[in-house]
Amino acid sequence: MASTLAKSFLQAAATEETAPPLRVVQIEGLVILKIIKHCKDHSPSLVTGQLLGLDVGSVLEVTNCFPFPMREEDEEVEADGANYQLEMMRCLREVNVDNNTVGWYQSTLLGSFQTVELIETFMNYQENIRRCVCIIYDPSRSDQGVLALKALKLSDSFMELYRNNNFTGEKLREKNLSWVDIFEEIPIKVSNSALISAFMTELEPDTPVTQCDYDRLQLSTSSLMERNMEFLIECMDDLSLEQQKFQFYYRNLSRQQAQQQAWLQKRRTENMARKAIGEEPLPEEDPANPIFKPLPEPSRLESFLITNQISNYCNQINGVSGQSFNRLYLMKALHED
């Protein structure tokens, strides 16, 4: 009997270790409405909240959520926020609602979410939750007629490097990790019960055209384009500063290597003279000499995040300009007719 229990326990442990990778994030429609309402009510301020649900195989089900109170730079306020989360989860457990944490959601402004703070939050969640996601919602982009909602997680290879705090060029080449491999976007599937789907069908208006459809035909996108360009220019400046750090490092490295070669040449000449008079040669490397102390290579994490953010802004500009050209050509054809 004991051997059978031990065998079943080992099988369960092996099954836990070989869990299938996360393929889909299934979110209930009511949860999405809660997230959108919370983010829009406090826009342009950035807000965040907790995601609750179940981890079932390759699907992460998000069945509920609740907002976090507005955070301030105060330890007492942060402690109150933690107590608030625990109290909310206790209340949900008492009314038999899913209270398993599966991640968090947060709002963003024009997709500017790829920061070190986001990675640190992921790592903090990862210590207690095997698989978690972050739902990013962008109210500014959603105002343009696009539901800017995405689910993100950190890649396994990036998390391994982050735990070791080793983002040198050699380690990145060894792991074959580039700036596009930091985050993984998980497809989102919206789920509704049959009763809610039937109710929404009854609410659907008879006329297929709504005011929202007319709003999409607005020709003015200058404000959105200007803000994207401003953020892009700021990112380019930040990337230039990071490149200057690496240029300074490589200049110091070249200077150190030249000093090492000069010192070695001098020591070899000295050893040849010592051999000529029958004395023991001195060692060619002196660990106590500061020129042999390795220079610390700057981390490439910040430059990777900035590059990722630049790519995001470029994609947004490309999408906005493409839609604008389509509307302009449409209006031109209508005027010609």
Criterion violated by R131 - all others in (1) under 13 Å from the mean Cα position of the chain (by Cα); (2) at pLDDT 80 or above satisfied: (1)
Please name all residue pairs, on different chains or six or more residues apart, with Cβ atoms under 7 Å, provided the first residue is in region 223-244 and is assigned by the TED database to the domain that holds N318 and under 18 Å from N308 (Cβ atoms) and the second residue is acidic (D, E) and part of a helix (DSSP H, G or I). E242/E302
For Y313, are the conditions met, namely being assigned to a helix (DSSP H, G or I), among the hydroxyl-bearing types (S, T, Y) and open to solvent by 80 Å² or more (accessible area, probe 1.4 Å)? no
Where residues in region 1-42 are open to solvent by 80 Å² or more (accessible area, probe 1.4 Å) and among the acidic types (D, E), which of them is modelled with the lowest pLDDT? E16
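Being among the hydroxyl-bearing types (S, T, Y) and in contact (Cβ under 8 Å) with a residue 60 or more places away in the chain is the filter here; which residues of region 257-301 pass it? Break it down into steps so the answer makes sense when it comes.
Going through region 257-301, the residues among the hydroxyl-bearing types (S, T, Y) turn out to be 269, 299.
Answer for region 257-301, where residues must be among the hydroxyl-bearing types (S, T, Y) and in contact (Cβ under 8 Å) with a residue 60 or more places away in the chain: just S299.
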In region 225-262, what residues are basic (K, R) and within 29 Å of V320 (Cα to Cα)? R227
Which of the residues belonging to region 259-301 are part of a helix (DSSP H, G or I), open to solvent by less than 90 Å² (accessible area, probe 1.4 Å) and closer than 22 Å to F248 by Cβ? Q259, Q260, A262, I291, F292, L301
Suppose we keep only residues that are closer than 18 Å to E297 by Cα and among the aliphatic types (A, V, I, L, M) within region 234-257. Which one would you say is most open to solvent (accessible area, probe 1.4 Å)? L241
Could you please let me know if F304 is open to solvent by 60 Å² or more (accessible area, probe 1.4 Å) and either over 30 Å from Q260 (Cβ atoms) or free of Cβ contacts under 8 Å to residues at least 12 places away in the same chain (or both)? no
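Please state which one of L172, L161, L152, L110 is open to solvent by less than 20 Å² (accessible area, probe 1.4 Å) and in a strand (DSSP E or B). Write out each step before concluding.
Values: L172 fails: in a strand (DSSP E or B); L161 fails: in a strand (DSSP E or B); L110 fails: in a strand (DSSP E or B).
L152 is the lone residue from the list that is open to solvent by less than 20 Å² (accessible area, probe 1.4 Å) and in a strand (DSSP E or B).
If I filter region 113-129 down to residues being of a type in the set (S, T, N, Q) and assigned to a loop (DSSP other than H, G, I, E, B), which single residue comes out as nearest to Q26 (Cα to Cα)?
Looking at residues that are of a type in the set (S, T, N, Q) and assigned to a loop (DSSP other than H, G, I, E, B), I get N128.
The values are calculated or read from the model by the stated rules, or taken from the named source; none is laboratory data. Small disclaimer: the values here were computed from a predicted structure and weren't measured. A quick note on method: Cβ atoms are made from the backbone with ideal geometry, for glycine too, and the neighbour counts reach across all protein chains shown. Accessible surface areas use protein heavy atoms only, side chains included; no ligands, DNA or RNA. Shrake-Rupley method; radii C 1.70, N 1.55, O 1.52, S 1.80 Å.
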